[in-house]
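Here's the structure, in C-alpha cells; my notes come after.
The values are calculated or read from the model by the stated rules, or taken from the named source; none is laboratory data. Since we're looking at a predicted model, the values are computed, not measured. When we count neighbours, we look across all protein chains shown, and the Cβ atoms used for this are built from the backbone with ideal geometry, even at glycine.
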Amino acid sequence: MQTHGLAELYRQMGRARAFELAVERLWRRGLISGEMHLGTGEEAVAAGVVTQLRAGDGLALTHRCSPALVVRGVPLVPMLREMLGQSDGLCGGRAGHMHLSSREHLVACSGIVGASLPRAAGFALAAKRLREGAVGVAFAGDGAMNQGMALETLNLAVAWSLPLLVVCIDNGWAITTRAGSVTAGELGARAEAFGWTVARADGLEVEEVQRAASELLARCRKGKGPALLHVTCPRIDGHFLGDPLLEQSRHLTGSAAKQTLGRVMSAAVSSGGGGALQRAASMVKMVGTMAKARRETGRGDRKDPLRVAHQAVKRAGGAVDVIDAEVEAEIASAVERALAGIEVRDA
C-alpha cells in the first residue's frame with residue numbers, strides 16, 4: 001500500500017481542475033471542436049485512486065477522463081494538442097477528448113457508456129496471466145452500471161477471479177435522468193450479490209477515497225478477486241459544457257421564473273398531442289427536474305472536493321498558496337506550448 005500526504009493529493013486535484021478549466025477556456029474560444037465533457041467535481045476520485053496505481057496497472061476511463069489522465073502522468077501538452085486536433089497530439093489528432101489513450105501509461109478512454117468495465121477486465125486478465133501483482137482499474141458512472149456489458153463484467157470477473165477494481169462515480173444523474181428513477185436497488189449491493197468486495201467513500205474527501213482504494217487494490221493484487229469502490233460525487237457542471245438543462249435552470253429565479261413558467265405551461269396546455277392535463281403534468285415534471293439540477297450543481301465550497309481539500313490543507317498548515325501558484329504556472333505553460341503554431345483568432 002502506498003499513501004500520499006494530503007498536500008500532494010491536493011496538488012494533483014488542483015492540476016486536474018486547472019487543466020480542465022484551461023480546456024474549457026479553449027473550447028469556449030472555439031479552438032476545440034464538438035461537445036466537451038468535464039470531470040469537475042471528480043478530482044478527489046482521480047487523485048485518491050490513481051495515485052495508488054503502479055507501472056503495469058491498466059486504467060480504463062470514461063468520456064470524463066482528463067482528471068485521471070493528469071494524475072496518471074500523461075503529458076499535458078500532447079493531450080491539449082490532441083484536443084486541438086493537431087497531428088502531433090497524443091493520438092494523432094483523431095481521438096478528441098473522449099477517446100484518449102496512452103500505451104506508455106496503459107490507459108484508454110471511451111465515450112461508449114459502460115465500455116470501461118470490459119476494457120479493464122481485459123487489462124486485469126492480462127495482468128493475471130503476464131504481470132503478477134498488477135491490476136486493471138475501471139472508472140464508470142452510475143448510469144453505466146446498468147449497461148449489459150457492465151453486468152457481464154460483474155459476472156465474469158468473479159468467475160475468473162480477476163484482479164479488477166471498478167470505481168463507480170455516482171453523481172446521481174445519467175445524462176439528464178435521475179439515476180434513482182431507472183436503477184433498481186443499490187449499486188454496491190448489486191456487486192456484492194455477484195461476489196465482489198465492496199467499499200464506499202465520499203467523493204468530497206480525497207483521503208477517504210485514497211484509504212478505500214488502497215485497501216481494495218491490495219486485495220486485488222493478492223489474488224482475492226475483483227472489488228468495487230462506490231463513490232458519491234457532486235456534479236458541478238452539466239452533462240457537457242453548455243448543457244441546456246443546467247443553463248436554463250440557472251435563470252429560473254424570481255419574476256423571470258414566473259413569467260417563463262407561465263408561458264411554458266400555457267403553451268403546453270394549448271398545444272396538440274395528448275390531453276391538456278397530461279401535457280401540463282409533463283411540463284411540471286420537467287421544471288422540477290430543472291430546479292433539482294440547479295440546486296444540486298454549482299461551484300460552491302460545500303460540494304466542491306477541491307475547496308474541501310484546500311481548507312483541510314490550510315488547517316494543517318500547508319502552503320496552499322504556493323501549491324496553487326505552481327499548479328497555475330504549470331498549466332499556463334502547457335497551454336502556451338500547446339498553442340504554438342496554431343493560428344488563434346479571438347472574437
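How many residues are more than 20 Å from Glu24 (Cβ to Cβ) and part of a loop (DSSP other than H, G, I, E, B) when one looks only at region 314-347?
Count: 7.
All but one of (1) under 15 Å from the mean Cα position of the chain (by Cα); (2) of a type in the set (A, V, I, L, M); (3) modelled with pLDDT of 90 or more hold for Val198, so report the exception by its number.
(1)
Scanning for something of a type outside the set (A, V, I, L, M) and under 22 Å from Ser333 (Cα atoms), does region 133-154 turn up at least one residue?
no
Please identify the pairs in which a residue from region 206-234 that is under 30 Å from Arg307 (Cα atoms) has its Cβ atom under 6 Å from the Cβ atom of a residue that is acidic (Asp, Glu) and not in a strand (DSSP E or B), counting only partners at least 6 apart or on another chain.
Cys233/Glu42
Kindly check whether there is at least one residue in region 126-145 that is on the phi < 0 side of the Ramachandran plot, within 15 Å of the chain's Cα centre (by Cα), without any contact (Cβ under 8 Å) to a residue 60 or more places away in the chain and assigned to a helix (DSSP H, G or I).
Within region 126-145, one or more residues are on the phi < 0 side of the Ramachandran plot, within 15 Å of the chain's Cα centre (by Cα), without any contact (Cβ under 8 Å) to a residue 60 or more places away in the chain and assigned to a helix (DSSP H, G or I).
Hey, Arg81 hits all of (1) charged (D, E, K, R); (2) closer than 24 Å to Gln311 by Cα; (3) in contact with a Ser or Thr (Cβ under 9 Å, 6 or more places away or on another chain) but one; which does it fall short on?
(2)
For Val198, work out the one condition from (1) closer than 19 Å to Gly58 by Cα; (2) in contact with a helix residue (DSSP H, G or I) (Cβ under 8 Å, 6 or more places away or on another chain); (3) not in a helix (DSSP H, G or I) it doesn't fulfil.
(1)
Can you confirm whether Thr62 is surrounded by 24 or more Cβ atoms within 10 Å (Cβ to Cβ) and within 30 Å of Ala212 (Cβ to Cβ)?
yes
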